Amino acid sequence: MLQSQSFSSLIEVNNASLNNTAPDLLNGLRVFHNNQWYVCGNLALNEGNAPHKLINSSPADMDYQLLIKAAMLQVAEKVEQPVSITTGFPYATYRIYKEAAVDYIRKTHIIEYDSSTFGGSGKKTVMLEVKNVDVIPEIVGCSIALRKGELKATGNFFILSCGFGTFESVLSTDTGVVEQSMVSTHGLRYAINYMINELSKSHYLEFRTAHTLDEAFQRGYIFLDRKNIDLREMRKNALKAYYNEVISPALASVINDKNLSKANKVYLCGGGMYYQDLVDCFKNEFGDIVQMEIVNDPASLASKGYTLNSQRISGGLTNASVGIDIGNSTTVVTNFEAN
């Protein structure tokens with residue numbers, strides 16, 4: 001069985017003492033990188049002043065390298081070494097970054113972290129030997145998970161994946177994915193920026209960014225000037241505008257008469273599918289012409305597909321297979337649960 005863990009992709013330099021500020025490693029990620037301590041994930045959200053992440057960062061960027069280390073840290077004690085790792089990028093960038101990602105990941109990593117954040121004795125070190133690495137488009141990872149994972153999907157179907165940084169689509173067939181059906185465009189950040197513009201008309205947002213307001217967007221409320229501001233209607237309007245301005249035009253060349261003659265099933269995945277208002281937009285446009293299904297745990301689908309691909313490149317070594325999805329909002333790491 002596949003087991004996924006996720007944490008926020010936000011990071012920040014932090015040299016403060018953070019003893020007993022988290023219940024476990026996942027929520028207390030403090031990693032030593034390039035001679036600096038960084039808080040990651042939930043700890044960055046709770047203890048950081050201005051946590052950040054570059055959009056669609058490259059393997060040469062510090063935040064990408066740090067998040068890879070943080071993800072490896074989650075599975076280092078759970079997998080057999082040497083491990084096989086698959087990761088991915090949006091279709092628009094994966095060819096550019098593939099070689100650099102393989103070079104960075106395929107080696108023996110010595111990862112230093114602070115265990116005192118969750119009640120440990122302080123600085124500790126783990127080692128993870130990575131033998132095989134593959135880098136594939138994120139949407140292909142979703143296709144692998146649908147076909148080889150618990151759903152065992154067959155036949156031809158569309159995959160629509162909406163994340164914080166990117167929205168992507170593809171037509172998946174029994175023989176592979178159809179290249180001309182791949183679309184890669186703006187993700188949920190577009191909708192959050194729309195909400196920021198609306199909020200800033202009546203409130204001072206203290207230089208808050210789409211990344212730092214993502215959590216408020218998910219919750220549906222925010223505290224400003226010590227007042228609880230209901231964001232649900234504003235969020236609904238932002239998601240509708242995002243769908244109408246970005247997603248619908250992008251899909252016009254994908255879900256067309258030619259491709260509909262090949263497939264009439266659509267799987268919706270990615271963290272954006274947790275928003276019912278966005279799902280309703282898909283249903284309003286395509287509900288009468290295609291079967292539509294939201295996958296279970298949509299934000300983890302790509303990472304699960306990566307893990308299944310790692311199982312393939314490792315020659316079937318289930319306990320040594322890992323998938324890492326470095327998302328713009330959330331990082332997801334998946335491995336097979338030990339028997």
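Brief remarks on what is shown
- Measuring nothing but protein heavy atoms, the accessible surface of the chain at 1.4 Å probe radius is 45 percent carbon and sulfur.
- Amide H contacts for ASP134 (H built 1.01 Å from N in the peptide plane; partners 5 or more residues away or on another chain; cut-off under 5 Å): ILE85, THR86, THR87.
- Couplings for the range 294-306, taken from phi via the Karplus curve 6.51 cos²θ - 1.76 cosθ + 1.60 with θ = phi - 60°, read 8, 6, 5, 6, x, 6, 9, 4, 4, 4, 5, x, 4 Hz in order; Gly and Pro are left as x.
- Top positive-direction residue, dipole computed over the range 169-254 with Cβ charges, set ILE247, SER172, SER200: SER200
- Per residue, in Å², the accessible surface of the range 69-121 once ligands and nucleic acids are set aside, probe 1.4 Å: 43 Å²
- Placing a label point 7 Å from the Cα of ILE313 along the Cα-to-Cβ direction, the residues of the range 131-170 whose backbone N falls under 17 Å of that point are 131-145.
- Modelled spin-label separation between GLN276 and SER58, with each label point placed 7 Å from Cα along the Cα-to-Cβ direction: 4.3 nm.
- Across LYS240/LYS262; LYS78/LYS124; LYS98/LYS152; LYS131/LYS304, pairs whose alpha-carbon gap is larger than 26 Å: LYS240/LYS262; LYS98/LYS152
- Rounded, prolate or oblate (a/c below 1.5 giving rounded, otherwise prolate when a/b exceeds b/c) for the range 48-134 by Cα gyration tensor: oblate
- Cβ-derived FRET efficiency at R0 45 Å, VAL13 paired with ALA252, nearest 0.05: 0.55
- Normalised alpha carbon radius of gyration of the range 219-339 [divisor 2.2 N^0.38 Å]: 1.37
- The chain - mean residue ellipticity at 222 nm from DSSP helices (-39,500 (n - 2.57) per run, n ≥ 4, rounded to 500): -9500 deg cm²/dmol
- Rounded to the nearest Hz, the phi-derived 3J(HN,Hα) couplings of the range 226-236 under the Karplus curve 6.51 cos²θ - 1.76 cosθ + 1.60 (θ = phi - 60°) are 6, 10, 8, 9, 6, 9, 4, 5, 5, 5, 4, where x marks glycine and proline.
- The gain in end-to-end length when the LYS283 to ASN35 segment is fully stretched comes to 84.3 nm, 0.36 nm per residue minus the alpha carbon separation.
- Amide H contacts under 5 Å for THR330: SER9, restricted to partners 5 or more places along the chain or on a different chain, H placed in the peptide plane at 1.01 Å from N.
- The range 55-207: C-alpha gyration tensor shape, a/c 1.5 cut-off, then a/b vs b/c: oblate
- A simple charge model with +1 on the Cβ of Lys and Arg, -1 on the Cβ of Asp and Glu and nothing else charged puts the dipole of the chain at about 180 debye relative to its Cα centre.
The values are calculated or read from the model by the stated rules, or taken from the named source; none is laboratory data. No experiment lies behind these values; they were computed from the predicted model shown. Backbone-built Cβ (ideal geometry, glycine too); neighbour counts: all protein chains shown. These area figures cover heavy atoms from the full protein model, side chains too; ligands, DNA and RNA do not enter into them. Shrake-Rupley method; radii C 1.70, N 1.55, O 1.52, S 1.80 Å.
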